[in-house]
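Trainee: Provided herewith is a single structure, encoded as structure tokens, for subsequent inquiry.
Derivation of every value follows stated rules applied to the coordinates shown; laboratory data play no part. For clarity, every value in this text was computed on a predicted model and none was experimentally measured. So basically every Cβ, Gly included, is an ideal-geometry build from the backbone, and we count neighbours across all protein chains shown.
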2 protein chains.
Amino acid sequence: MLRVAGGITAPRGFHAAGVASGVKRSGRADLSVVLSDLPCVAAGVFTTNRVRAAPVVLGAQRLDRSPSGIRGILTVSGVANALTGPEGIDDNLRLLTAAETELGLPEGSLLPACTGVIGPRLPMDRVVAALPQLKTALAGAGDGAERAAHAILTTDTRAKVASVRARLSDGTVVRVGGMAKGSGMIAPRLAPVHATTLAFLTTDARARPGPLGRLLARETDSTFNMLSVDGDTSTNDTVYLLANGAAGGANADDDPAFATAVHAVLESLARQVARDGEGATKLLTVHVVGARTIEDARAAARAVVGSTLVKAALFGADPNVGRIACALGYSGARLDPDRMDVSITRPRQSVPLIVQGRPAPSLENGGGSRVRDLLRQLDEVPLEVRLHEGRASATAWGCDLSYAYVQINAAYRT
Amino acid sequence: MLRVAGGITAPRGFHAAGVASGVKRSGRADLSVVLSDLPCVAAGVFTTNRVRAAPVVLGAQRLDRSPSGIRGILTVSGVANALTGPEGIDDNLRLLTAAETELGLPEGSLLPACTGVIGPRLPMDRVVAALPQLKTALAGAGDGAERAAHAILTTDTRAKVASVRARLSDGTVVRVGGMAKGSGMIAPRLAPVHATTLAFLTTDARARPGPLGRLLARETDSTFNMLSVDGDTSTNDTVYLLANGAAGGANADDDPAFATAVHAVLESLARQVARDGEGATKLLTVHVVGARTIEDARAAARAVVGSTLVKAALFGADPNVGRIACALGYSGARLDPDRMDVSITRPRQSVPLIVQGRPAPSLENGGGSRVRDLLRQLDEVPLEVRLHEGRASATAWGCDLSYAYVQINAAYRT
């Protein structure tokens, strides 16, 4: 597997564009499309929040009815189209139909996504009026993938893209591309047919709907579902994967090399979302090994990245090992408090924090201030937790809790 | 039931004292005792965190072995005595024995509690050396209850006390007194025989160990277990209830008037802890009605007070109703998103925020800024959530998320 350039349009036969329709008062891009020349087999996982945004309801319906005739994804950012009732569904459906007409696509071939403020309805006049501009942008020169990746952002400070190339067992070379957004209200719990982070993946591999859906669900569980910025599971979270088969060859949906490529793109995007968490100054990676079951490993890793107190300590570069132990203790994971070890583990460097359930001796007599200096320097803090209970492992991604997070969220709409 | 003065020593036969032993470098009081002239029937509920502080392990053991010979509670604040292994247990046991000797109490008659930094061991020399001073303070003049209530605090900005008087069905007048601490690492999940909030209740009512334990567990479930400052369930949370029977009369443990009195003291203390959450500027009360089951009601109420985004919006006095709906949606409570109502409901004033799953029309056209002004003025924001699914209800208590929370927790130990 090789990392390649191109993002969402790295796979053959995909195009993308992003324009400013005026949903965002700032004038930044807010309307985007990803399009395939060929019909795609598509899969999606959506938020498990019981309050589901209109595009989540519609997207799940469309995948249910015709997972094999999908041509693209139309995304509005700035407004979530959630808490908008039946009118919100009607709005989004009218927008999709207008876009399909404008772009010459079959009815029902576009998947919807929205992200932004919950409550307000889509400003239909502005968005529909911008569709011709979107069509022009698709045909025009320039990097549509980059514009699309920017047009799906809200409080994000940077675009998130990833793309890889992999060789399948039958020799076929396929590409997997992706883009994502997400900075706050990030603690996705995505499940098939029902997941505000948005992540869109494209591939030129061939696939069948059922296996592709199962593969996406499985790889989302170990990536986007292990991500937390603030513990709030959004009404709009959506991951879509579109496979247009342009690479030819055998079905890739049961090829380990394809699963590895999809995982790599999802993991890269999840890390980028965590690193760009609202107000974040540091990425926190928690790798748990030696858990009794995968569920235990995931629960333990998630509890540490989700702990408000661990996050605040990290912002202060404070090696407060008690808070890490506390989070592990309430995670629900089965563990022996007197056996667990925690360290900062980097290539060629391991700094013990907890040894057999006790603060590491090296933290005493000024050792704490050396760890504090290290924490200040790192912009990614990789914690390794060893439970010595079994063989299961998991990784979770999060970030620190800063003054800027409070500022952003105490006045998001003003 | 009448509120009365006196706090933890309002019931007959209880005394209290608090002194500075030097555990806290600030010189503030950090060693306290609550004592009964008569042996007490005692009950306790402890944190469900798998990493349990030494005093939690010891306290549960002592209640298990002799719930009827308890004379008091000895509390050290500044150090949690957690993550200290077998040595931490030995330290605490030695401290209890030394205190029992100094105060002329039978062995095993004191219950332990600690709160503070996780990791360091108890500074035994300083604490043991302060025991004679504690004995003198007990005998001395002045308000021992107030000194004890201050001596159990850590990052708290004020003492939490409550006391009531109730008349039982047989005519006996009993008193229930209480004190609590807690400001950060507050999301207790207390369970019998196994919460760092500390709450101690005393009563001069008569009681039997089993029924008293069940009553305490039940009343804790609807009070301290519905409290969240930051979602972190501590290694040290403990609620003790000591009944010395000095009021005489029949057993109070199955008398509804007694349960009501215990509930009133626990609820008052839980509200005081939420109001004094680290960095908090506002108390948030969420009352859910019309849930299908009590578990649904509690899950919904807890999700709203626990939402980082709701808490940050509250700090900014931002009527961000979408975040409330989002939290209800991921709470796990069964609900119909198109039927739920949310309002700020105060005596003689109800301000709708969500009506049948949609932002309240009154929020439009400048209505939002009126709600913002109201939120700015209120130091207690009472939200009422109506689910229209059934008849169950629950209340949860929390607070806003401020810059000060981040400041306190990015550098707690420095």
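Trainee: For chain B, with only Lys/Arg (+1) and Asp/Glu (-1) charged at the beta-carbon, what is the dipole magnitude about the Cα centre, in debye rounded to 20?
Mentor: 360
Trainee: Further question: Between A:Thr260 and A:Leu378, with labels modelled 7 Å along Cα→Cβ, what's the label distance in nm to one decimal, could you check?
Mentor: So the two model labels end up 2.7 nm from each other.
Trainee: Starting at the first residue of segment B:15-27, write each ³J(HN,Hα) from the Karplus equation 6.51 cos²θ - 1.76 cosθ + 1.60 with θ = phi - 60°, in whole Hz, x for Gly and Pro.
Mentor: Values per residue, Gly and Pro as x: 10, 8, 8, x, 9, 9, 9, x, 4, 7, 5, 5, x Hz.
Trainee: Another question about this same structure. Given label points at 7 Å from Cα along Cα→Cβ, what nm distances, shortest first, separate B:Ala5 from the same residue in every other copy?
Mentor: Values, ascending and in nm: 8.0.
Trainee: With unit charges on the beta carbon (Lys/Arg positive, Asp/Glu negative), name the residue among A:Ser343, A:Val164, A:His263 whose Cα is farthest towards the positive pole of the charge dipole of chain A.
Mentor: Most positive-ward Cα: A:Ser343.
Trainee: For a test of the definition: using alpha carbon positions, the gyration tensor, and the 1.5 limit on a/c, classify segment A:31-164 as rounded, prolate or oblate.
Mentor: Rounded is the answer for segment A:31-164, as its axis ratio a/c remains below 1.5.
Trainee: By its C-alpha gyration tensor, with a ≥ b ≥ c as the square roots of the eigenvalues, how is chain B shaped: rounded for a/c under 1.5, else prolate for a/b larger than b/c, else oblate?
Mentor: Details: a/c = 2.11, a/b = 1.59, b/c = 1.33.
Prolate is the answer for chain B, as a/c is 1.5 or above and a/b outweighs b/c.
Trainee: Using the alpha-carbon centroid of each, what span in Å lies between segment B:278-326 and segment A:146-183?
Mentor: 35
Trainee: For B:Gly248, place a label point 7 Å from Cα along the Cα-to-Cβ direction in every copy; what are the distances to the other copies, in nm, shortest first?
Mentor: Ordered by increasing distance: 10.1 nm.
Trainee: To continue, here is another question. Label 7 Å along Cα→Cβ of B:Leu38; segment B:5-31 residues with amide nitrogen under 14 Å?
Mentor: The answer is B:11-15.
Trainee: Same structure again: Sort shortest first the distances from B:Ser350 to its counterpart in every other copy, using label points 7 Å along the Cα-to-beta-carbon line, and give them in nm.
Mentor: Result, one decimal in nm: 6.2.
Trainee: Return the distance in nm (one decimal) between the two label points of a simple spin-label model at B:Arg65 and A:Glu102, each offset 7 Å from Cα along Cα→Cβ.
Mentor: In this crude spin-label approximation the distance works out to 7.7 nm.
Trainee: Of B:Lys24/B:Lys160; A:Lys282/B:Lys24; B:Lys135/B:Lys160; A:Lys311/B:Lys282; B:Lys160/B:Lys282, which sit over 26 Å apart, Cα to Cα?
Mentor: Values: B:Lys24/B:Lys160 20 Å; A:Lys282/B:Lys24 31 Å; B:Lys135/B:Lys160 23 Å; A:Lys311/B:Lys282 22 Å; B:Lys160/B:Lys282 16 Å.
Pairs exceeding the cut-off: A:Lys282/B:Lys24.
Trainee: Using the Cα centre as the reference, give the magnitude of the dipole from point charges on the C-beta atoms of the protein assembly as shown (Lys, Arg: +1; Asp, Glu: -1; all else neutral), rounded to the nearest 20 debye.
Mentor: Values: 90 positive and 78 negative charges, 99 e Å.
Using Cβ point charges on Lys, Arg, Asp and Glu, the protein assembly as shown gives about 480 debye.
Trainee: With a cap of 12 neighbouring Cβ atoms within 10 Å, and only residues DSSP puts in a loop, list the trypsin sites (Lys or Arg not before Pro) found in segment B:340-393.
Mentor: In loop regions of segment B:340-393 (DSSP not H, G, I, E or B), the sparsely surrounded trypsin sites (Lys or Arg not before Pro) are B:Arg348, B:Arg391.
Trainee: Using amide H atoms built in the peptide plane, which far-off residues or other-chain residues are under 5 Å from A:Lys282 H to H?
Mentor: A:Asp400
Trainee: Next question, about the same structure. Work out the length of the dipole vector of segment B:283-410 about its Cα centre, built from +1 on the beta-carbon of each Lys and Arg and -1 on the beta-carbon of each Asp and Glu, and round it to the nearest 20 debye.
Mentor: 100
Trainee: What net charge is computed for the residues neighbouring A:Ala259, neighbours being all others with C-beta under 13 Å from the C-beta of A:Ala259, Lys and Arg scored +1, Asp and Glu -1?
Mentor: Within the 13 Å Cβ shell, the charges total -4.
Trainee: Next question, about the same structure. From the Cα gyration tensor of segment B:125-270, with a ≥ b ≥ c the square roots of its eigenvalues, which class applies: rounded if a/c is under 1.5, or else prolate if a/b is larger than b/c, or else oblate?
Mentor: Working: a/c = 1.93, a/b = 1.18, b/c = 1.64.
Cα axes put segment B:125-270 in the oblate bin.
Trainee: Related question: Return the average number of partner chain Cβ atoms within 10 angstrom of each residue Cβ along peptide A:230-241.
Mentor: Across the residues of A:230-241, the mean count of other-chain Cβ atoms within 10 Å is 4.
Trainee: Summing -39500 (n - 2.57) over the DSSP H runs of n ≥ 4 in the protein assembly as shown and dividing by its residue number, what mean residue ellipticity at 222 nm do you reach, to the nearest 500 deg cm²/dmol?
Mentor: That calculation yields -10000 deg cm²/dmol at 222 nm.
Trainee: What residues have an amide H closer than 5 Å to that of A:Leu83, excluding those fewer than 5 places away on the same chain, when H is modeled at 1.01 Å from N in the peptide plane?
Mentor: For A:Leu83, whose amide H was placed from the backbone, the distant partners under 5 Å are A:Ala54.
Trainee: Find which of B:Asn81, B:Leu63, B:Val45 sits farthest along the positive direction of the dipole of segment B:1-103, computed with +1 on the beta-carbon of Lys and Arg, -1 on that of Asp and Glu, about the Cα centre.
Mentor: B:Val45
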